[in-house]
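A.B. asks: There's a structure below that I have some questions on.
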Amino acid sequence: MFVTATKSGDLRGFSDFSSYAAFIGNEFNVTIKRGSNGITISPGKPKSPDCKEGDDNCPNSDERDRTGNAPRSLSTARAMANFATFYDSGLMAGPAFALNPPNVIANLATLPKPGGGTWNNRISSVITTGGPSLMLGAGLCSQPSCIGGWWLTVLNNSQTQLLGGFNNTASLVAVF
């Protein structure tokens, strides 16, 4: 299952990755791919106001996929969250950790949690801060390296309470 917020604030779910990736590409102008090493996200082509989709004269981005410490341009940096904070408890409370973009923790079992244990399967809420609203800010996945399981994208400047099957089941987090 792949879930994302839309620019209108609604949640939209997809049962197959290719439909999800096409929607994300059209809605947020990013390319998202799923491979044997997990999910990678890279910015779409920067578009001038008169640039039409599929126009060979539109410039390409010179960025690589964001799978950790990949470089990013200033224009892309403005589209990203300044940071995301992941909380142990609902309602943005309790122990927390924050990440700046671009960053991925591919296995939360490697991140120690204050008071003992790890952050694997311990996230209940997320705040993304900075970057323009209605753009992708963070992602969470239920499996390390996002090989299988669900994937949830969170918009910039939002507060997200994880409910049901999303609460306390994340094993990977990413900030764009």
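A.B. asks: Does SER133 satisfy being hydroxyl-bearing (Ser, Thr, Tyr), modelled with pLDDT under 95, within 21 Å of PHE14 (Cα to Cα) and open to solvent by 30 Å² or more (accessible area, probe 1.4 Å)? I'd like the intermediate steps shown before the answer.
C.D. replies: Numbers: hydroxyl-bearing (Ser, Thr, Tyr): yes; modelled with pLDDT under 95: yes; within 21 Å of PHE14 (Cα to Cα): no; open to solvent by 30 Å² or more (accessible area, probe 1.4 Å): yes.
No: the conditions fail for SER133.
A.B. asks: Now a separate question. For segment 86-99, check the following and say yes or no: at least one residue is within 12 Å of the chain's Cα centre (by Cα), at pLDDT below 95, open to solvent by less than 50 Å² (accessible area, probe 1.4 Å) and within 19 Å of GLY38 (Cβ to Cβ). Steps first, answer last, please.
C.D. replies: Taking segment 86-99 and keeping what is within 12 Å of the chain's Cα centre (by Cα), we get 99.
After this cut, where a residue has to be at pLDDT below 95 as well, the list is 99.
If we keep only those that are open to solvent by less than 50 Å² (accessible area, probe 1.4 Å) too, we end up with 99.
Cutting the leftovers down to within 19 Å of GLY38 (Cβ to Cβ) gives us 99.
There is at least one residue in segment 86-99 that is within 12 Å of the chain's Cα centre (by Cα), at pLDDT below 95, open to solvent by less than 50 Å² (accessible area, probe 1.4 Å) and within 19 Å of GLY38 (Cβ to Cβ).
A.B. asks: Oh, and also: Just checking: which of the strands (runs of 3 or more DSSP E) contained wholly in segment 1-41 hold 2 or more residues that are out of contact with any Cys (no Cβ under 8 Å at 6 or more places or on another chain) and in contact (Cβ under 8 Å) with a residue 24 or more places away in the chain?
C.D. replies: Numbers: elements: 2-5, 11-14, 30-35.
Result: 2-5, 30-35.
A.B. asks: Starting from segment 141-152, keep only residues that are under 12 Å from VAL104 (Cβ atoms), then list their pairs with residues that are open to solvent by 20 Å² or more (accessible area, probe 1.4 Å) and not in a loop (DSSP other than H, G, I, E, B) whose Cβ atoms are within a distance under 6 Å, requiring at least 6 positions of separation or different chains.
C.D. replies: CYS146/ILE39
A.B. asks: Sticking with this structure for a sec: I need the full set of residues from segment 145-165 which are touching a strand residue (DSSP E or B) at 6+ places or on another chain (Cβ under 7 Å) and either open to solvent by 50 Å² or more (accessible area, probe 1.4 Å) or of a type in the set (Val, Ile, Thr) (or both), in order please.
C.D. replies: ILE147, THR153, VAL154, ASN157, GLN159, THR160, GLN161
The values are calculated or read from the model by the stated rules, or taken from the named source; none is laboratory data. Every value quoted in this text rests on a predicted model; they were computed, and no experiment measured them. In this analysis, Cβ positions are derived from the backbone assuming ideal geometry, glycine residues included, and neighbour counts consider all displayed protein chains. When the accessible area is computed, the model is the full protein with side chains, heavy atoms only, and any ligands, DNA or RNA have been set aside. Shrake-Rupley method; radii C 1.70, N 1.55, O 1.52, S 1.80 Å.
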